[in-house]
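These notes are about the structure you will find just below.
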Amino acid sequence: MPSPFLYYADHRLSVAELSAARLDGHVVELGDAYIPADAVETAALRAGSLRDILGTVLAATHLSAAWIHDAVADPPPRHTVQRAVPRRLHHVLGRRFRYRDAMIPPQHLTVVGGVNVTDRVRTLVDLAREGDDAHGAAAAAMTHRWPGLAEEALAHIAASGPFPGKRPAAGLIARLSAERTVGSQDEVTRYTS
């Protein structure tokens with residue numbers, strides 16, 4: 001069931017009504033939807049705001065999943081989505097998203113706000129595979145936010161068969177894990193001295 005706090009253009013209110021409500025300060029934009037200005041932004045609302053893009057057959061991945069998991073503050077300009085069903089999808093086109101046809105296995109998916117999202121471990125591995133600054137920064141934010149996530153991701157990579165970008169991803173995650181460990185030790189030393 002969709003959240004009563006999410007307003008989509010032309011569903012309950014027209015684009016003009018939502019624009020007027022935004023100008024009056026009653027609603028604010030969240031992803032591809034609007035929420036009341038006084039609503040608390042949650043992972044469920046962030047994910048639910050992508051309901052029109054994802055439906056039941058696509059999953060949010062990469063920076064989109066990192067945003068839903070609250071590792072990055074702003075949604076990406078174009079969401080990254082992947083197939084979450086075994087059957088091939090045809091004519092998946094859109095300006096607001098980048099589609100990847102490889103299916104994400106169900107064990108790597110979690111349902112948040114009524115839509116499919118890659119779990120934190122898969123999201124971290126996907127971010128580390130990309131190799132650019134934006135994805136690397138999101139990967140670093142995830143490893144710093146959730147202790148032990150880097151180790152889980154490294155174990156996942158070790159248990160997986162070959163896949164593109166496996167070595168660079170493992171290297172980046174190992175570095176991020178080491179940085180987090182060194183940072184934690186420095187913090188303990190600072191407080192015990």
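The values are calculated or read from the model by the stated rules, or taken from the named source; none is laboratory data. Source: prediction; values computed, not measured. Here the Cβ is made from the backbone with ideal geometry for all residues, glycine too, and neighbour counts use every protein chain on show. These accessible areas exclude ligands, DNA and RNA; they are computed on the full protein's heavy atoms, side chains included. Shrake-Rupley method; radii C 1.70, N 1.55, O 1.52, S 1.80 Å.
Filter segment 141-153 down to residues that are part of a helix (DSSP H, G or I) and closer than 14 Å to Glu179 by Cβ, then give me how many there are.
Number satisfying all stated conditions: 8.
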Candidates Ser14, Ser19, Ser64, filtered to the one that is touching a Pro at 6+ places or on another chain (Cβ under 7 Å) and not basic (Lys, Arg): Ser64
Cβ-Cβ under 8 Å pairs, at least 6 apart or on other chains, segment 10-31 side without any contact (Cβ under 8 Å) to a residue 12 or more places away in the chain, far side assigned to a helix (DSSP H, G or I) and surrounded by 14 or more Cβ atoms within 10 Å (Cβ to Cβ): Leu13/Ala21; Val28/Arg22; Glu29/Arg22
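Sort through Val57, Val72 and tell me the only one that's of a type in the set (Val, Ile, Thr), touching a residue at least 12 places away in the same chain (Cβ under 8 Å), open to solvent by 10 Å² or more (accessible area, probe 1.4 Å) and within 15 Å of Leu127 (Cβ to Cβ). Reasoning before the result, please.
Values: Val57 fails: within 15 Å of Leu127 (Cβ to Cβ).
After applying the criteria, what remains is Val72.
Among the candidates Arg122, Arg98, Arg88, single out the residue that is over 25 Å from Ser177 (Cβ atoms) and either modelled with pLDDT of 95 or more or assigned to a strand (DSSP E or B) (or both).
After applying the criteria, what remains is Arg98.
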Odd one out for Ala158 among (1) modelled with pLDDT of 90 or more; (2) part of a helix (DSSP H, G or I); (3) out of contact with any helix residue (DSSP H, G or I) (no Cβ under 7 Å at 6 or more places or on another chain); (4) open to solvent by less than 70 Å² (accessible area, probe 1.4 Å): (4)
Output for segment 38-54, where each listed residue is touching a residue at least 12 places away in the same chain (Cβ under 8 Å), under 12 Å from Val28 (Cβ atoms) and not small (Gly, Ala, Ser): Leu45
Residue list for segment 28-54, filter: open to solvent by less than 30 Å² (accessible area, probe 1.4 Å) and of a type in the set (D, E, K, R): Arg46
Residue that is modelled with the lowest pLDDT [pool: residues in segment 13-53 that are farther than 21 Å from Ala73 by Cβ and either in contact with a helix residue (DSSP H, G or I) (Cβ under 9 Å, 6 or more places away or on another chain) or among the acidic types (Asp, Glu) (or both)]: Leu13
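Out of the residues in segment 32-50 that are over 11 Å from Tyr7 (Cα atoms) and not aliphatic (A, V, I, L, M), state the one that is farthest from the chain's Cα centre (by Cα).
The first filter runs over segment 32-50 and keeps only residues over 11 Å from Tyr7 (Cα atoms), leaving 37-44, 46-47, 50.
Still in the list and also not aliphatic (A, V, I, L, M): 38, 41-42, 46.
On the way: Asp38: 23, Glu41: 14, Thr42: 13, Arg46: 9 Å.
Here the residue is Asp38.
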Inter-residue pairs, beta-carbon under 6 Å, first closer than 26 Å to Ser3 by Cβ and open to solvent by 70 Å² or more (accessible area, probe 1.4 Å) and in segment 114-132, second at pLDDT 95 or above and in a helix (DSSP H, G or I), 6+ apart: Arg120/Leu149
Enumeration of residues in segment 75-88 that are surrounded by 15 or more Cβ atoms within 10 Å (Cβ to Cβ) and touching a strand residue (DSSP E or B) at 6+ places or on another chain (Cβ under 6 Å): His79, Thr80, Val81, Gln82, Arg83, Ala84
